[in-house]
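The values are calculated or read from the model by the stated rules, or taken from the named source; none is laboratory data. Predicted, not measured: the structure shown is a model, and the values here were computed from it. Cβ placement follows ideal geometry from the backbone for every residue including glycine, while neighbour counts extend to all protein chains displayed. Keep in mind that these areas ignore ligands, DNA and RNA; they rest on the heavy atoms of the full protein, side chains included. Shrake-Rupley method; radii C 1.70, N 1.55, O 1.52, S 1.80 Å.
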Amino acid sequence: MDLFRALANLRLPAGEFAIFGSGPLAVRGWIETPNDLDVICREPAWRAVARTGVLEYDDEYEVDLASLCDGRLTFGQSWGIGDFNVATLIDSAETIDGLPFVELRHVVAYKQQRNSEQDRRHLAIIEERLGSLP
């Protein structure tokens, strides 16, 4: 399943959501498409996915989530790692192939804070591709 196409087919309200996590790297072809996409959203997009998605509370990150496509598309109104302003992330998102993606500088900040082995690999890829971290 092409997750980017599945997300686009939801026809969520423009300017009300953005793809975060590893999605901005995958859309550029820098990493393989992940098994899932993390999408941050404001109220209008949240209402749309909450009507049809599976709702759950993630105890680890203390966030409400809605998931679709057997959990491969996950939506939240907040980000459980770091101190990110969702409105800023969405408002500054860049459009690639018709979908909004959180800017790489925010992805870098998130991955530096989370600092998992995968995040460190992704940071190295970003630095290699751009010559430095944004």
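If you go through segment 28-54, how many residues are among the β-branched types (Val, Ile, Thr) and touching a Phe, Trp or Tyr at 6+ places or on another chain (Cβ under 6 Å)?
Start the filter on segment 28-54 by keeping residues that are among the β-branched types (Val, Ile, Thr), which leaves 31, 33, 39-40, 49, 52, 54.
Of the ones still in play, those that are also touching a Phe, Trp or Tyr at 6+ places or on another chain (Cβ under 6 Å) are 39-40, 49.
Here the count works out to 3.
Any chance you could count how many residues in segment 110-134 are in a helix (DSSP H, G or I) and surrounded by fewer than 16 Cβ atoms within 10 Å (Cβ to Cβ)?
13
Checking each residue in segment 7-65 for being under 30 Å from LEU130 (Cα atoms), among the aromatic types (Phe, Trp, Tyr) and in contact with a strand residue (DSSP E or B) (Cβ under 6 Å, 6 or more places away or on another chain) picks out PHE17, PHE20. The listed residues are ALA8, ALA50, and the only one of them that is over 28 Å from ALA124 (Cα atoms) and under 16 Å from the mean Cα position of the chain (by Cα) turns out to be ALA8.
So is VAL54 without any contact (Cβ under 8 Å) to a residue 40 or more places away in the chain and farther than 11 Å from PHE17 by Cβ or not? Spelling it out, VAL54 is indeed without any contact (Cβ under 8 Å) to a residue 40 or more places away in the chain and farther than 11 Å from PHE17 by Cβ. Taking residues in segment 105-122 that are more than 14 Å from PRO24 (Cβ to Cβ) and without any contact (Cβ under 8 Å) to a residue 12 or more places away in the chain, and partners anywhere that are open to solvent by 100 Å² or more (accessible area, probe 1.4 Å) and not hydroxyl-bearing (Ser, Thr, Tyr), not one pair has Cβ atoms closer than 8 Å while being at least 6 places apart or on different chains. The residues of segment 1-39 that are on the phi > 0 side of the Ramachandran plot and small (Gly, Ala, Ser), listed by number, are GLY15, GLY21, GLY29.
Meeting the requirement of 1 or more residues that are open to solvent by 30 Å² or more (accessible area, probe 1.4 Å) and out of contact with any Lys or Arg (no Cβ under 7 Å at 6 or more places or on another chain), the strands (runs of 3 or more DSSP E) wholly within segment 17-109 are 37-41, 54-58, 63-68, 94-96.
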